[in-house]
Amino acid sequence: MLIFLFSEKKTKPKQKINMISSIVFCILLIGASTFFYLNIKKIRRNIFIGKNIDINDKKSERIKSMILLALGQRKMFSRPASAAMHILVYVGFVLINIEVIEMFVDGIFNTHRSFHALGKFYNFLIGFFEILALGVFIGVVVFWLRRNVLKIKRFMNAELNGWPKLDANTILIAEMFLMTALILMNAADQNLQLKHHPNYHSAGSFPVSQLFVPMLSSFSLSNLILIERFFWWFHIIGIFAFLNYLPFSKHLHILLAFPNTYFSNLKPKGEFTTLDSVTDVVAPNFNPSYQPKTDQNNPLRFGVKDVKDLNWKNLLDAYTCTECGRCSSVCPQNMTGKKLSPRKIMMDTRDRMVEVGKNMDANKGIFIDDGKSLLGDYIKTEEIWACNTCNACVEECPINIDPLAIIIEIRRYLVMEESQSPTELNGMYSNIENNSAPWQFAQADRANWINDVN
């Protein structure tokens, strides 16, 4: 191939350029795909730092939940205006990228609009994609204004300062550029078609980009080709860049929302889990034939101090968090000025998980104690005890993320490992132990209130 590429006698200059273009595209495609795979592999490794749990029940219900929440975005409609805009941007961006399939074919084989043989259906698709591109552009502009001009309260919390705010704005601006590039590419393409350039055969319908055709009509054929090629490469490189930005961005939820909703907790909200290690101690008192489920010679930690104590679903939740802030906006403790922010709990969990992963990368896959932990260095005790376990955050999350599960497990660690709990709770614990009730009354006196009624 290289001999053929650089042979002056056998290859014309134009053919050389075309071949070089195809080779460059293939190198970019392979490089972007490889880099994405390696980063996704790291994310998977980080998620499975957590303890193993078996989530393999109620498959039909789980598939239904995934379709309704991840694909249908049912819970988004609790806020109809933002839901409509989000669906427009999400669906539009996904469907527009169907056109990228054709761009891949064109890039590999150095062709132009390979699927034009579809005829009228192809024209419909291109026109539909252009309308969607305009919708996406409008949507991301609105989202940018909501964050930076209107400054909606849930986007102004302290945990979004720095990288989270930059990340959100970077994606919004990038989408504006990508949609603009697509429209201007089509405008230049249409001009070339109208001027009957032999390499730009008539194909496609352009309801939006045709508005920009007059702006480019005065350009020469060579300049129009340059503009069309520039925006074609800009768009395709932007797609590759977006793909490889995802693993470092909150927008990873575009991919992880589907497994996260599939594996979400289907039990009634508020139902707490029991610890096998505790059951192994208590159960033999009532059932002498009970067989312990844990290794008595290798006791496990009660609750959660660091991310390795969480299960893999908790860590998948953290990676899937969209940082939308709906959870914190409905949290009664957050509303009243308490330190608790369910969104921050998820972001802190993800940040610590990434830190542990980098530690393992630097030490050949083995975690070396860095003297840090999720509790203390990221999440403070004050935040954990502020929660009133109302489940509002869990109910509100569009993709069934469960911050409460992490909060409860950290509380378990504080109580059962560190014997740290608020004075009010210590009094309740004593009353339950001595009186079998949370109140400071002897069992014999429980019904005395009836005397006052009579």
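The values are calculated or read from the model by the stated rules, or taken from the named source; none is laboratory data. Nothing here was measured: the structure is a model prediction, and the numbers come from that model. Neighbour counts are summed over all protein chains in view; Cβ atoms, including those assigned to glycine, are modelled from backbone coordinates with ideal geometry.
Some observations on this one:
- Just one of the numbered conditions (1) free of Cβ contacts under 8 Å to residues at least 40 places away in the same chain; (2) part of a helix (DSSP H, G or I) is not true of Asn56: (2).
- Figure legend. Inter-residue proximity from the range 279-301: first residues without any contact (Cβ under 8 Å) to a residue 60 or more places away in the chain, second residues surrounded by 10 or more Cβ atoms within 10 Å (Cβ to Cβ) and among the small types (Gly, Ala, Ser), beta-carbon distance below 6 Å, spacing 6+ or different chains. Indicated pairs: Tyr290/Ala283; Thr294/Ser277; Leu300/Ser277.
This table checks each residue for (1) part of a loop (DSSP other than H, G, I, E, B); (2) in the same structural domain as Thr336 (by TED's automatic domain parsing); (3) without any contact (Cβ under 8 Å) to a residue 12 or more places away in the chain; (4) of a type in the set (D, E, K, R).
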| position | (1), (2), (3), (4) |
| --- | --- |
| Gly365 | yes, yes, yes, no |
| Asp369 | yes, yes, yes, yes |
| Cys393 | no, yes, no, no |
| Ile399 | yes, yes, no, no |
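- Residue in the range 318-332 that is buried (at least 22 other Cβ atoms within 10 Å of the Cβ), at pLDDT 95 or above and closer than 30 Å to Val282 by Cβ present: no
- Every test in (1) of a type in the set (D, E, K, R); (2) in a helix (DSSP H, G or I); (3) under 25 Å from the mean Cα position of the chain (by Cα) is passed by Lys151 save one, and that test is (2).
- Filter pass, Asn123 being modelled with pLDDT of 90 or more, out of contact with any Phe, Trp or Tyr (no Cβ under 8 Å at 6 or more places or on another chain) and over 26 Å from Ala174 (Cβ atoms): yes
- Flag for Asn314 being crowded, with 23+ Cβ neighbours inside 10 Å and either more than 18 Å from Lys380 (Cα to Cα) or of a type outside the set (Ser, Thr, Tyr) (or both): yes
- When the residues of the range 172-185 are filtered to those that are touching a residue at least 60 places away in the same chain (Cβ under 8 Å) and surrounded by fewer than 19 Cβ atoms within 10 Å (Cβ to Cβ), the one that is nearest to Trp232 (Cα to Cα) is Phe177.
- Which listed residue, of Lys338, Lys344, is surrounded by 16 or more Cβ atoms within 10 Å (Cβ to Cβ) and either in a helix (DSSP H, G or I) or among the hydrophobic types (A, V, I, L, M, F, W, C) (or both): Lys344
- Where helices (runs of 4 or more DSSP H) sit wholly within the range 185-301, those with at least 3 residues that are over 30 Å from Lys51 (Cα atoms) occupy 213-216, 221-245.
- Residue ID - surrounded by the most Cβ atoms within 10 Å (Cβ to Cβ), chosen from residues in the range 114-137 that are under 16 Å from Ser209 (Cβ atoms) and small (Gly, Ala, Ser): Ala133
- Entry remark, the range 347-357: residues being surrounded by fewer than 24 Cβ atoms within 10 Å (Cβ to Cβ) and closer than 14 Å to Leu404 by Cβ number 0 in total.
- Subset of the range 356-408 (residues that are of a type in the set (Gly, Ala, Ser) and closer than 26 Å to Leu266 by Cβ): Ala392, Ala405
- Criterion applied to Ile101, Ile87, Ile96, Ile67 was being β-branched (Val, Ile, Thr) and in contact (Cβ under 8 Å) with a residue 24 or more places away in the chain, and the one residue passing it is Ile96.
- Close contacts from the range 208-220, counting a first residue that is without any contact (Cβ under 8 Å) to a residue 60 or more places away in the chain and a second that is surrounded by 11 or more Cβ atoms within 10 Å (Cβ to Cβ) and basic (Lys, Arg), with Cβ to Cβ under 9 Å and a gap of 6+ residues or different chains, come to Ser217/Lys195.
- Condition met for Leu404 (hydrophobic (A, V, I, L, M, F, W, C), within 30 Å of Ile254 (Cβ to Cβ) and part of a helix (DSSP H, G or I)): yes
- In the set (1) within 22 Å of Asn244 (Cα to Cα); (2) exposed (fewer than 15 other Cβ atoms within 10 Å of the Cβ); (3) at pLDDT 90 or above, the condition left unmet by Ile43 is number (2).
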